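*Asks:* Right, I'll just put the structure down here and ask away after.
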Amino acid sequence: MTTQLSEDGVDGRVLGVFREVLGDESLQLEDATTAADVPGWDSLAHINLMYSLEAEFGVQFTDDQLTSFQDVGELRRFLTAAAG
């Protein structure tokens, strides 16, 4: 079972960044969502997403982390822990 991101808290902040960077205000994300599932989420958009998430959450990803998250859920869990 996958969990859809809500509009609240960390989920809402993650969703807001994705919507802004990808230019799709109706975008819905689930924990299992990957780049292959989202139109426009290419390598350039990925870098823009990661830098925008760094700015939103006040974190800095390592070089390995920039490309290591398997799906939105793994990224969300990392950001939740970092924001906690």
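Rule-based calculations on the coordinates, nothing more; no lab input. Not measured: the values here are computed from a predicted model. Please note: Cβ atoms are built from the backbone with ideal geometry, for glycine as well, and neighbour counts cover all protein chains shown.
*Asks:* Report, by residue number, each residue of region 65-83 that is outside any helix (DSSP H, G or I) and surrounded by 14 or more Cβ atoms within 10 Å (Cβ to Cβ). Working first, answer last.
*Replies:* Let us first name the residues in region 65-83 that are outside any helix (DSSP H, G or I), namely 69-71.
Listed by number, the residues that qualify are Phe69, Asp71.
*Asks:* For Trp41, work out the one condition from (1) surrounded by fewer than 16 Cβ atoms within 10 Å (Cβ to Cβ); (2) part of a loop (DSSP other than H, G, I, E, B) it doesn't fulfil.
*Replies:* Against the list (1) surrounded by fewer than 16 Cβ atoms within 10 Å (Cβ to Cβ); (2) part of a loop (DSSP other than H, G, I, E, B), Trp41 comes up short only on (1).
*Asks:* Please verify whether Thr62 is of a type in the set (Ser, Thr, Tyr), out of contact with any strand residue (DSSP E or B) (no Cβ under 7 Å at 6 or more places or on another chain), exposed (fewer than 14 other Cβ atoms within 10 Å of the Cβ) and in a loop (DSSP other than H, G, I, E, B), treating the condition exactly as stated.
*Replies:* Working: of a type in the set (Ser, Thr, Tyr): yes; out of contact with any strand residue (DSSP E or B) (no Cβ under 7 Å at 6 or more places or on another chain): yes; exposed (fewer than 14 other Cβ atoms within 10 Å of the Cβ): yes; in a loop (DSSP other than H, G, I, E, B): yes.
Here the answer is yes, as Thr62 does meet what is asked.
*Asks:* Looking for something surrounded by fewer than 18 Cβ atoms within 10 Å (Cβ to Cβ) and either under 10 Å from the mean Cα position of the chain (by Cα) or of a type in the set (Lys, Arg) (or both) - is there at least one such residue anywhere in region 16-29?
*Replies:* Yes, the conditions are met somewhere in region 16-29.
*Asks:* While we're on this one: Scan region 6-31 for residues that are part of a loop (DSSP other than H, G, I, E, B), without any contact (Cβ under 8 Å) to a residue 40 or more places away in the chain and on the phi < 0 side of the Ramachandran plot and jot them down. Walk me through it before giving the result.
*Replies:* Just the residues of region 6-31 that are part of a loop (DSSP other than H, G, I, E, B), to begin with: 6-8, 23-29, 31.
Within this subset, residues satisfying the condition of being without any contact (Cβ under 8 Å) to a residue 40 or more places away in the chain are 6-8, 23-28.
Residues satisfying the conditions are Ser6, Glu7, Asp8, Asp24, Glu25, Ser26, Leu27, Gln28.
*Asks:* Are there any pairs, at least 6 apart or on different chains, whose C-beta atoms fall under 6 Å, with the first in region 60-79 and free of Cβ contacts under 8 Å to residues at least 12 places away in the same chain and the second assigned to a helix (DSSP H, G or I), and if so, which?
*Replies:* Gln60/Glu54; Phe61/Met50; Phe69/Leu75
*Asks:* Just to verify a result, which residue in region 44-59, among those that are in a helix (DSSP H, G or I) and among the aliphatic types (A, V, I, L, M), is farthest from the chain's Cα centre (by Cα)? First the steps, then the outcome.
*Replies:* If we filter region 44-59 for residues that are in a helix (DSSP H, G or I), which is where we start, we get 44-57.
In the following step, the residues that additionally are among the aliphatic types (A, V, I, L, M) were identified as 44-45, 47, 49-50, 53, 55.
Working: Leu44: 14, Ala45: 11, Ile47: 11, Leu49: 7, Met50: 7, Leu53: 7, Ala55: 12 Å.
Step by step, filter region 44-59, then rank; the result is Leu44.
*Asks:* So Ala55 fits all but one of (1) of a type in the set (A, V, I, L, M, F, W, C); (2) without any contact (Cβ under 8 Å) to a residue 12 or more places away in the chain; (3) under 22 Å from Asp8 (Cα atoms); (4) surrounded by 15 or more Cβ atoms within 10 Å (Cβ to Cβ); what number is the exception?
*Replies:* Every listed condition holds for Ala55 apart from (4).
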